[in-house]
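Presented below is the structure to which this report refers.
The values are calculated or read from the model by the stated rules, or taken from the named source; none is laboratory data. Model, not experiment: these values are computed from the prediction. So basically every Cβ, Gly included, is an ideal-geometry build from the backbone, and we count neighbours across all protein chains shown.
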Amino acid sequence: MLQELSIQNLALIENLTLNFKSGFTTLTGETGAGKSILLDALGLALGDRADSALVRFNTPRADVSAQFDISALPQVQNWLQENDLDDDDLCLLRRTVTVEGRSKAYINGRPAPANSLKELGNLLIDIHGQHEHQSLLSAQEQLHLLDAYAQHPQLLNAVREHYQHWQQLKRRLAQLQAEQSDFQSKLELLNFQKREFEEVQPKEGEFETLSEEQSQLSHANEIKQACELGYYALEGEQGATDQLQRAIHALEEIVEYSPALQSVIDQLNSALIDIQEAASETQHLAERIELDPQLLAQVDERLHNLFALAKKYHLEPEQLVSKHQQILADLANLEHSDIELENLQKQIEQAGSAYQQAAKALQDSRQQAGGKLSRIVTDGMQHLGMPNGHFEIQLGAAQAGALGIDKVEFMVSANKGQPLQPLAKVASGGELSRISLAIQVATSEVASLPTLIFDEVDVGIGGGIAEVVGKKMQQLGSRKQILSITHLAQVASHGHQHWKIEKQTVDDNTFTRVSELSENERVAELARMMGGLKVTEQTLNHAAEMLAEAQKTA
């Protein structure tokens with residue numbers, strides 16, 4: 001709901017803040033008082049093209065802000081959250097325009113492109129009589145409104161789910177067919193790779209084991225010599241064991257005179273055992289090592305084959321086994337893709353059939369709801385000063401999609417003898433407003449937009465028809481926030497609130513002023529609208545009676 005409109009230095013408005021209420025608010029004033037300026041201001045806040053001509057004379061820029069209560073609008077809340085612009089339950093749209101024509105836009109105090117204002121504004125407000133914000137002219141909105149009126153969310157969900165499943169299968173088929181396009185070349189490549197790996201037959205852990213074996217075989221002579229030298233140093237004449245035994249013997253001869261030496265003797269005996277064991281192990285290792293050039297050549301050749309295969313496939317030798325397994329798996333998948341392709345085509349046929357069945361059920365529901373809504377809107381048009389008006393919702397064929405197979409178009413004929421034509425081609429702003437009013441009243445329970453503005457909905461009507469228009473907007477105001485710029489007292493008298501727009505001149509400067517009228521002021525304004533140049537007592541009495549009668553059902 002629109003809560004506040006703040007305007008600075010726009011055309012004849014110097015500084016103006018309007019606080020709006022729920023229900024039906026009428027705005028009246030003499031011709032040229034500036035009623036269109038309010039719509040221009042609101043249009044700027046909603047992302048309309050910025051025009052420097054709107055900037056008040058002798059001021060650097062115009063500034064417009066529109067504040068909305070969005071506590072009951074989850075769609076708007078989600079949009080703000082998705083764009084990281086949320087601010088509790090309020091939404092503030094702001095626009096500035098300089099005299100040079102530069103424009104800036106803000107959403108909840110943060111800079112935003114003007115098209116974001118327009119996108120968000122389309123979820124907040126609808127201005128009837130100006131095509132810029134006329135959502136009912138959009139084919140998408142017409143389809144959405146019909147679906148909302150039909151109240152068939154289960155059918156919509158079924159169509160969307162069937163469509164998504166159908167498209168998912170078709171994407172998988174396209175992928176397989178693309179792969180099939182060079183099936184033979186892929187098959188030949190994988191079979192060739194398989195043969196290469198089967199020739200080498202890499203084994204898990206083989207490379208590490210062979211690397212250790214190669215190192216030992218290629219240095220066998222050095223290892224043997226080192227082991228023999230080490231053994232001689234430990235067990236040979238004057239070796240470590242011989243020296244330790246002498247030291248132990250010498251200490252044992254005097255230990256009775258110095259018992260503290262016993263711990264030294266024990267340590268030396270322990271060291272002697274360790275050295276003897278190390279010497280034995282060294283001797284055995286030297287005996288086991290053989291100089292085997294033939295075995296070394298075999299290991300070198302095997303490692304060479306592993307390195308060559310790994311290099312060809314840009315791998316580390318340790319990755320050869322997993323690559324071999326991948327080739328075998330890819331080959332199996334490719335060889336079985338024909339079977340999957342056949343199964344997919346059957347699944348796609350079944351999914352397409354299920355989608356068409358769901359879409360046909362949705363289409364039937366739309367046709368039934370469209371016929372009912374067409375009759376109600378036609379009746380509404382005829383009560384709103386178009387006695388020969390006719391409204392018809394036509395369904396045409398559309399490309400299959402998540403919303404079904406239907407294209408919806410609102411068709412109207414406002415006058416006798418005129419053929420039905422799309423709502424978007426209705427030339428008269430007044431006629432378009434009244435048709436829109438009839439549609440909004442018929443769908444008010446399900447329509448999502450919270451605020452509607454009707455501009456000159458009363459053009460070309462009067463008398464009883466004008467009273468019907470007022471009652472319709474009063475009725476709509478019980479469910480939505482309705483603002484109407486009107487020239488007819490019969491319409492203005494039905495407002496829950498009444499604002500007057502007028503021009504004032506102070507010190508040779510002209511200003512537009514807007515004020516909310518009290519009951520007595522409303523009577524005077526209604527009398528002015530009814531009475532022409534001179535307002536008589538009789539006119540005032542008539543205006544008071546009209547207001548009282550209109551407010552009985554308010």
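Summary of computed values
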| quantity | calculated |
| --- | --- |
| Any hit, region 103-123, residues being more than 26 Å from Glu141 (Cα to Cα), in contact with a helix residue (DSSP H, G or I) (Cβ under 6 Å, 6 or more places away or on another chain) and not hydrophobic (A, V, I, L, M, F, W, C) | no |
| All strands (runs of 3 or more DSSP E) inside region 68-178 with 2 or more residues being at pLDDT 90 or above and of a type in the set (S, T, N, Q) | 90-98 |
| Residue list for region 395-424, restricted to those being out of contact with any strand residue (DSSP E or B) (no Cβ under 6 Å at 6 or more places or on another chain), surrounded by 14 or more Cβ atoms within 10 Å (Cβ to Cβ) and outside any strand (DSSP E or B) | Leu403, Ala414, Ala424 |
| Subset of region 37-84 [in contact with a strand residue (DSSP E or B) (Cβ under 7 Å, 6 or more places away or on another chain) and of a type in the set (Phe, Trp, Tyr)] | Phe68 |
| Members of region 1-18 that are closer than 22 Å to Ile482 by Cβ, over 33 Å from the mean Cα position of the chain (by Cα) and polar (S, T, N, Q) | Thr17 |
| Residues within region 361-394 that are over 30 Å from Gln490 (Cβ atoms), surrounded by fewer than 17 Cβ atoms within 10 Å (Cβ to Cβ) and without any contact (Cβ under 8 Å) to a residue 60 or more places away in the chain, tallied | 4 |
| Residues that are aliphatic (A, V, I, L, M) and surrounded by 13 or more Cβ atoms within 10 Å (Cβ to Cβ), drawn from region 276-304 | Ala278, Ala279, Leu285, Ala286, Ile289, Leu295, Leu296, Val299, Leu303 |
| Qualifying residue in region 527-545 (condition: surrounded by 16 or more Cβ atoms within 10 Å (Cβ to Cβ), over 27 Å from Leu12 (Cα atoms) and in contact with a Gly (Cβ under 6 Å, 6 or more places away or on another chain)) | yes |
| Boolean, Arg522 is on the phi < 0 side of the Ramachandran plot, basic (Lys, Arg) and crowded, with 19+ Cβ neighbours inside 10 Å | yes |
| Residues of region 533-548 classified as free of Cβ contacts under 8 Å to residues at least 24 places away in the same chain and within 55 Å of the chain's Cα centre (by Cα), total | 3 |
| Criterion (at pLDDT below 90 and basic (Lys, Arg)) met by exactly one of Lys500, Lys471 | Lys471 |
